[in-house]
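Quick notes on the structure that follows.
The values are calculated or read from the model by the stated rules, or taken from the named source; none is laboratory data. Just so it is clear, the structure is predicted and the values come from calculations on it, not from any experiment. Positions of Cβ are generated from backbone atoms using ideal geometry, with glycine treated the same way; all protein chains shown enter the neighbour counts.
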Amino acid sequence: MRRPRRRISHVHAVAEVPSFSSIVERHLDDVHGYIVYLTRDRGIAEDLTAETFEKALRLWPRFDPRRGSARTWLCQLARTTALDHFRAEDRRRRREGAYALEPPPIEEGLFGGLSPELEQALAALSAGEREVIALRVVLDLDGETAARVLGISVTACSTRLSRALKKLEERMGAYVAA
Amino acid sequence: MSQPDFLAEIRSARIEASPELRERVRALAVAVPPRPPRRQLPWRRWSLLLVPACAALALAGALAAGLATSGKHERAVVHGAAVRQAANPPVFSTATAPAGSAKSLGPLTPNGGGEAAPLPATPGRAQQYEADLTLRVKDLSAATKRALRLTRSFHGYVRSVDYGSGAASGTATLVLRVPIGSIQAAIVRFSALGTILDQHVSIRDVQPQLDKRFRQMQSLRDAIAKLQAELESPNLSAAERTKLENELVAARRRLVVLQRTQAQQRRAASFATASLQLHTAGKAVAPPHEPGRIGRALHRSGSILLDELKVLVYVLIVGAPLLALAALAFGTARLRRRHVEARLLAR
């Protein structure tokens, strides 16, 4: 009996390209949350979120779903936008001579309604430490994807996360003790 | 609160975009419908495609250039080609056309029997006559001896003989000098020694040189006669006499040299040189195999590819330090950017 011929399928499936509107609906909260963790300021985060999606709209023809998900791509754009903002702020502070400014008090419910101690502890971390927590814990990205967004190795990403969590735990302990 | 506890709390908390932000971003998508994304190859895939593409381009270019230039073919003149009985291209070398000579030069036309009608020397003019004959003979020794006997019979002489005979084949090279008046007959007799494989005759008219020298000698003789007449004058001072005598001696010396050279050249022109190459056992010299169009094209393509490779190696050698510098600059810029980012995110 003749064996049926097997059709050889492609090793890599051709990725479906979502529409821009659909990724806006799907990932707006994730991107906004990520930027909130980065900037610790809702107002700035809103502006940067809008800027991120403007950039995404411009760069949409260059998005390749085979290289990563839309969420990862948007997080990378969000990070670049936030860093540009930080650079601009840094230059402004240098011009104005305002170096040793105290960070502004955090607004209530900034991080999505966490307990006050946890919010305070999170706010006390650096932007880089909050960033890795946002990517790995809040957005639940795997190590490789988070490392790609941060532009570092997977090992470095894991190390950064464990340091951030340890610091958070220490601060939580200090607040609870206080 | 332990780590798992606050991690669970963080995970359960949700940061939502405000309605204003949501509308703002939705408006972006609606206002300008975005173009569908292009499917682009990553740069690594591009580089994987680029290398073989460049190699294929280089190869195609070399082949095309090789084919285009393979049509030009320079045929080397081959002496000693086997002469067939039916079609033997006439071979003759034109000399300076002797002034006033009524005879026209004709080619040697060998036949199967080995006889040839050689070019005649022009009587009354000094000529440098050289004939080259290549013959296939049955018996090398006998043919060589016969050639030597013939030379003597024409009152000529042997300038050199080079004889070599092996088990399978042999060659003899003879350089003979024969009076120019007998060279025609001599060539006919030499040709009869075997089968002609190749022949070549060269005639160079040297009469103008002799005439010119003769005129020089005549003017020297006139000058000598005049000097002698002047020396007979009684009114010459001692200094004048000495000067005239010196001039006379120099003129006589020059005349002697010219006379000697004239005599040598006349003697040389009175004899013709016949070079005989005798071969045995099918020593016909076959022309070298010439490649066809495809062979020439492949050879030329190979040379072009080799030149392309040399250029590539040169570019790599020259460009390697620049590439290293560029890589270093890129790495430094990347490190610096990371450092700046870390500083910005450390707040």
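Listed values, structure above:
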{"quantity": "Selection count where residues are closer than 15 Å to A:GLY33 by Cβ and among the basic types (Lys, Arg), scope the range B:1-28", "calculated": "3"}
{"quantity": "Identity of the residue in the range B:245-265, closer than 11 Å to B:ARG213 by Cα and among the β-branched types (Val, Ile, Thr), that ends up surrounded by the fewest Cβ atoms within 10 Å (Cβ to Cβ)", "calculated": "B:VAL257"}
{"quantity": "Single residue of the range B:185-207 satisfying the filter (surrounded by 17 or more Cβ atoms within 10 Å (Cβ to Cβ) and small (Gly, Ala, Ser)) that is farthest from B:THR171 (Cα to Cα)", "calculated": "B:ALA186"}
{"quantity": "Out of B:ALA286, B:ALA268, B:ALA297, sole residue that is loosely packed, with under 13 Cβ neighbours inside 10 Å and modelled with pLDDT under 95", "calculated": "B:ALA286"}
{"quantity": "Exclusive hit being free of Cβ contacts under 8 Å to residues at least 24 places away in the same chain, in a helix (DSSP H, G or I) and more than 10 Å from every other protein chain (Cβ to nearest Cβ), set A:GLU119, A:GLU144", "calculated": "A:GLU144"}
{"quantity": "Every residue from the range A:122-141 that is touching a residue at least 60 places away in the same chain (Cβ under 8 Å) and within 12 Å of A:GLY33 (Cα to Cα)", "calculated": "A:ARG130, A:GLU131, A:ILE133, A:ALA134, A:LEU135, A:VAL138, A:LEU139"}
{"quantity": "Flag for A:ALA45 being touching a Phe, Trp or Tyr at 6+ places or on another chain (Cβ under 8 Å), in a helix (DSSP H, G or I) and at pLDDT 90 or above", "calculated": "no"}
{"quantity": "Residue among A:GLU96, A:GLU117, A:GLU144 that is within 19 Å of A:TYR34 (Cα to Cα) and among the acidic types (Asp, Glu)", "calculated": "A:GLU144"}
{"quantity": "Some residue of the range A:127-141 being surrounded by fewer than 17 Cβ atoms within 10 Å (Cβ to Cβ) and either at negative phi or modelled with pLDDT under 90 (or both)", "calculated": "no"}
{"quantity": "Top-ranked residue in the range A:52-70 [being aliphatic (A, V, I, L, M) and more than 7 Å from chain B (Cβ to nearest Cβ); ranked as surrounded by the most Cβ atoms within 10 Å (Cβ to Cβ)]", "calculated": "A:ALA56"}
{"quantity": "Qualifying residue in the range B:113-125 (condition: at pLDDT 85 or above and in contact with a Pro (Cβ under 9 Å, 6 or more places away or on another chain))", "calculated": "yes"}
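To keep it simple, each residue is scored yes or no on (1) under 37 Å from the mean Cα position of the chain (by Cα); (2) surrounded by 17 or more Cβ atoms within 10 Å (Cβ to Cβ); (3) in contact (Cβ under 8 Å) with a residue 12 or more places away in the chain.
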| site | (1), (2), (3) |
| --- | --- |
| B:ILE183 | yes, yes, yes |
| B:GLN209 | yes, no, yes |
| B:LEU236 | no, no, no |
| B:LYS243 | no, no, no |
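Yes/no per residue for (1) under 30 Å from B:PRO123 (Cα atoms); (2) in a helix (DSSP H, G or I):
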{"residue": "B:GLN209", "(1), (2)": "yes, yes"}
{"residue": "B:LEU220", "(1), (2)": "yes, yes"}
{"residue": "B:GLN228", "(1), (2)": "no, yes"}
{"residue": "B:PRO234", "(1), (2)": "no, no"}
{"residue": "B:VAL249", "(1), (2)": "no, yes"}
{"residue": "B:GLN259", "(1), (2)": "yes, yes"}
{"residue": "B:GLN265", "(1), (2)": "yes, yes"}
